[in-house]
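Participant: I have a structure I would like to understand better, so I am pasting it below and will then ask my questions one at a time.
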Amino acid sequence: MKKSLFMLMSTTVLFACGSSNNESQSPQQKENVLTLTEVQYNNAAIETTRIVNQAMATQIKLNGRVEVPPQNRISVSFPLGGYLKSTKLLEGMPVKKGQILAVLEDMQFIQLQEDFLTAKAQLSLTESEFKRQKELNQTKATSDKLFEQARANFQTKLVAIKSLEEKLKLIGVNPEKLNDNTISKSINVYAPISGYVSVVNVNVGKYVLPSEVMFELIDPSLIYLSLTAFEKDINALAVGQKLSAYSNTNPELKFPCTITFVKKDLQNQSSASVICSFDRFDKTLVPGLFMNAEVELTNQARNALPNDAIVRFENKQYVFVVKSKRTFEMNEVKVGTSENGYTEVVNSNNFENELFVAKGAYTLLMALKNEGEE
């Protein structure tokens, strides 16, 4: 603001002095073309330059959010329905693997344990009958049919016991420790991973269906950064490139990342996903956190002008092209990276072999716009 005010005052004094000497020496202005008088030109101390090849690093800015892979996002359900007896979980609460998440109650839990113990108790009788029929069959004291029936009964009982064992393991009951004194109507639901609770879908007293997700747990140790890259930037990104990521709430804190995957096929709006891994884990990086990222590319020679040659007006960038000794034309330019006092001119092909105003560009801008308002 101070610079613009100073330039405006300087321009006013400069051209006011020129016009006080000779009224016919006022600048000639047509659209974006400005012609200075000899006196005004001398007072402006204009210096010129041409587009040069300047080595500068290109920076690509992306945005996205922190994600967690599917294998680290666990939906906790229960294979059998039951009433929720108790739980102390809240969203955001940390949990450890093996920790009790909830306690369920139901009559079918009792029935399953009863069936297992009953089948186990009957096994010895079935096995004894099978062995007896086998001995009798060897001496032909009994028929083959009775022997085959005894063997089928024994094998069926073994299958039933094995099936009931697996069902008990599925609901968290150890068959080896189950006996008539340890039968319980309550079953504990344990945490399969360490992490934190992201979703709680149940409350005490609710009947939980087998297909219903009670809790969602997240293990944040393998989080990654998913960024959105637009078509113009995709070819400049590659696996192994380094970048710095930061959040909007704390832009000073930078997190180094490495690109691990670039999805080349474009989605809607001509964008693609760029997957990055964090070089170090930080507990403040939680899934869903929106982040910005900056990718520094290697130095490349780019067509550029000194920063002073490019002026800003109404949110656009302009340069003054020298048309003759005292005549200048204002043209819009597309700019890119700025570094070491130079700014890249993206549309430099439109200005081949042109001469530009370097020092004095803001003075010409003020003069041109002041003339246009008169």
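The values are calculated or read from the model by the stated rules, or taken from the named source; none is laboratory data. Just so we're clear, the structure is a prediction, and the values are computed from it rather than from any experiment. Cβ coordinates were reconstructed from backbone atoms using ideal geometry, including for glycine residues, and neighbour counts include every protein chain displayed. For the accessible areas, the whole protein counts, side chains as well, though only heavy atoms, and no ligand, DNA or RNA atoms are used. Shrake-Rupley method; radii C 1.70, N 1.55, O 1.52, S 1.80 Å.
Participant: Filter LYS61/LYS334; LYS85/LYS162; LYS232/LYS264; LYS131/LYS177; LYS97/LYS157; LYS61/LYS254 down to the pairs with a C-alpha to C-alpha distance above 24 Å, please.
Facilitator: Table pairs above 24 Å Cα-Cα are LYS85/LYS162; LYS131/LYS177; LYS97/LYS157.
Participant: Do you know the relative contact order of the chain, to the nearest whole percent, from alpha carbon pairs under 8 angstrom that are 6+ apart?
Facilitator: 28
Participant: Over region 205-349, calculate the relative contact order: mean separation of alpha carbon pairs under 8 Å at least 6 apart, over the residue count, as a percent.
Facilitator: 19
Participant: Another question about this same structure. Can you compute 3J(HN,Hα) from phi for each residue in region 86-100, using the Karplus curve 6.51 cos²θ - 1.76 cosθ + 1.60 with θ = phi - 60°, rounded to whole Hz and x for Gly and Pro?
Facilitator: 7, 6, 10, 6, 10, 4, x, 6, x, 9, 10, 4, x, 6, 6
Participant: Under the Karplus relation 6.51 cos²θ - 1.76 cosθ + 1.60, θ = phi - 60°, what is the ordered set of whole-Hz ³J(HN,Hα) values for region 64-71, x standing for Gly and Pro?
Facilitator: Result, rounded to whole Hz: x, 8, 6, 10, 10, x, x, 5.
Participant: With a sphere of radius 14 Å drawn around the Cβ of THR48, what net charge do the other residues whose Cβ falls strictly inside it have (Lys, Arg +1; Asp, Glu -1)?
Facilitator: Summing Lys/Arg as +1 and Asp/Glu as -1 gives +1.
Participant: May I pose another question? Accessible area per residue of the chain at 1.4 Å probe, in Å²?
Facilitator: 58
Participant: In a Gaussian network model over the chain where Cα atoms closer than 10 Å are linked, find which of GLU47, GLU148, GLU114 has the largest mean-square fluctuation.
Facilitator: Of GLU47, GLU148, GLU114, the Gaussian network model singles out GLU148 as fluctuating most.
Participant: What FRET efficiency would be calculated for the residue pair SER277, GLU216, taking the C-beta separation as r and a Förster radius of 22 Å, to the nearest 0.05?
Facilitator: For R0 = 22 Å, the calculated efficiency reads 0.45.
Participant: Of (i) 38, 27, 23; (ii) 29, 27, 23; (iii) 85, 22, 14, which one was derived for semi-axes √(5λ) of the Cα gyration tensor in Å from the structure shown?
Facilitator: (iii)
Participant: Here's something else I'd like to know. Might you work out the accessible area of THR156 for me, using a 1.4 Å probe with all protein chains in place, and round it to the nearest 10 Å²?
Facilitator: 90
Participant: At 15 Å minimum axial length over the Cα atoms and a Kyte-Doolittle cut of -0.5, report the qualifying DSSP H helices in the chain, or say none.
Facilitator: Qualifying helices: 2-21, 144-170, 361-373.
Participant: What nm value, rounded to one decimal, do you get for the distance between ILE100 and LYS162 when each label is placed 7 Å out toward the C-beta?
Facilitator: Calculated label separation equals 3.3 nm.
Participant: Got a number for carbon plus sulfur as a percent of region 86-153's accessible area, 1.4 Å probe?
Facilitator: Within region 86-153, the accessible surface is 55 percent carbon and sulfur.
Participant: Okay, moving on. How much mean residue ellipticity at 222 nm does the chain get from its helices, if each DSSP H run of length 4 or more adds -39500 (n - 2.57) and you divide by all residues, to the nearest 500 deg cm²/dmol?
Facilitator: So the helix-based figure for the chain works out to -9000 deg cm²/dmol.
Participant: Ordered by residue, what ³J(HN,Hα) values in Hz, to whole numbers, does region 350-359 give under the Karplus form 6.51 cos²θ - 1.76 cosθ + 1.60, where θ = phi - 60° and Gly and Pro are x?
Facilitator: 7, 10, 5, 6, 7, 10, 10, 7, 9, 7
Participant: For GLN241, which sequence-distant residues (separation of 5 or more, or a different chain) have an amide H within less than 5 Å of its own amide H, given hydrogens modelled in the peptide plane?
Facilitator: Placed amide hydrogens put ILE259 under 5 Å from GLN241.
Participant: Keeping all protein chains in position, work out how much accessible area PHE78 exposes to a 1.4 Å probe, and write it in Å² to the nearest 10.
Facilitator: Approximately 10 Å² of PHE78 is accessible to the 1.4 Å probe.
Participant: Which of the GluC sites (Glu not before Pro) across region 308-343 are loop residues per DSSP, with 10 or fewer other Cβ within 10 Å?
Facilitator: GLU314
Participant: Additional query: Could you tell me how far the Cα centroid of region 202-264 sits from the Cα centroid of region 65-88, in Å?
Facilitator: Answer, in whole Å: 19.
Participant: So, one more: In whole percent, and with a 1.4 Å probe on the protein chains, what portion of the accessible area of region 244-374 is carbon and sulfur?
Facilitator: Solvent-exposed carbon and sulfur of region 244-374 make up 44 percent of the total.
Participant: Taking H placed 1.01 Å from N in the peptide plane, check which residues at least 5 places from VAL208 or on another chain put their amide H under 5 Å from its amide H.
Facilitator: Hits under the 5 Å cutoff: GLY82, TYR83, LEU84.
Participant: Still on this structure, I have one more. Can you tell me the equivalent ellipsoid semi-axes for region 329-371? Use √(5λ) from the Cα gyration tensor, largest first, whole Å.
Facilitator: 21, 14, 10
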